Amino acid sequence: MLDALAAIAPLTVVRGNNDRADWAQPIPYTADLEFEGVRIHVLHIVGELAIDPAASGVRVVVSGHSHKPCVETRGGVLYVNPGSAGPRRFRLPVTVARLAVARGRVEAELLTLLE
């Protein structure tokens, strides 16, 4: 499935807590990206964040795990949990997030696919 997604657009993935099979072994637990001067740190469980994002120059932290969609700024860092675009999890909405980065500015928006 990752190959199919990578054929559509550039792809960066991190390993989740249930990614234990052999196919997941090469997938890292975290990833760092930079777009238009904005550093982004990606991990599955935000509670396992092992860096101080602001001190590290990270402007955005993207995580998942809880499947609870959220966009909030803490300590000058934008935290984004896009929720879950797959089957409904718990009683949460089915959502994705759009991260817009341009000329050093960043904005996040949650998009609800199903209530």
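The values are calculated or read from the model by the stated rules, or taken from the named source; none is laboratory data. Because the structure is predicted, anything quoted here is derived from the model rather than measured. Cβ atoms come from the backbone with ideal geometry, glycine included; neighbour counts cover every protein chain shown. What goes into the accessible areas is simple: the full protein's heavy atoms, side chains included, and nothing from ligands, DNA or RNA. Shrake-Rupley method; radii C 1.70, N 1.55, O 1.52, S 1.80 Å.
When residues of region 48-82 are filtered for being out of contact with any Cys (no Cβ under 6 Å at 6 or more places or on another chain), buried (at least 20 other Cβ atoms within 10 Å of the Cβ) and polar (S, T, N, Q), how many remain?
Total meeting the criteria: 1.
Considering region 44-82 alone, what residues qualify as being at pLDDT below 95 and touching a Lys or Arg at 6+ places or on another chain (Cβ under 8 Å)?
Of everything in region 44-82, just one residue is at pLDDT below 95 and touching a Lys or Arg at 6+ places or on another chain (Cβ under 8 Å), namely 67.
Search region 12-43 for residues being of a type in the set (Phe, Trp, Tyr) and either more than 18 Å from residue 1 (Cα to Cα) or at pLDDT 95 or above (or both), and hand back the single one that is least open to solvent (accessible area, probe 1.4 Å).
Here the answer is 35.
How do the strands (runs of 3 or more DSSP E) wholly within region 24-115 filter down when requiring 2 or more residues that are farther than 16 Å from residue 14 by Cα and free of Cβ contacts under 8 Å to residues at least 60 places away in the same chain: which remain?
58-62, 70-74, 77-81, 94-102, 105-114
How many residues does region 83-104 contain that are modelled with pLDDT under 95, open to solvent by 40 Å² or more (accessible area, probe 1.4 Å) and under 22 Å from residue 36 (Cβ atoms)?
Looking only at that region, the number is 2.
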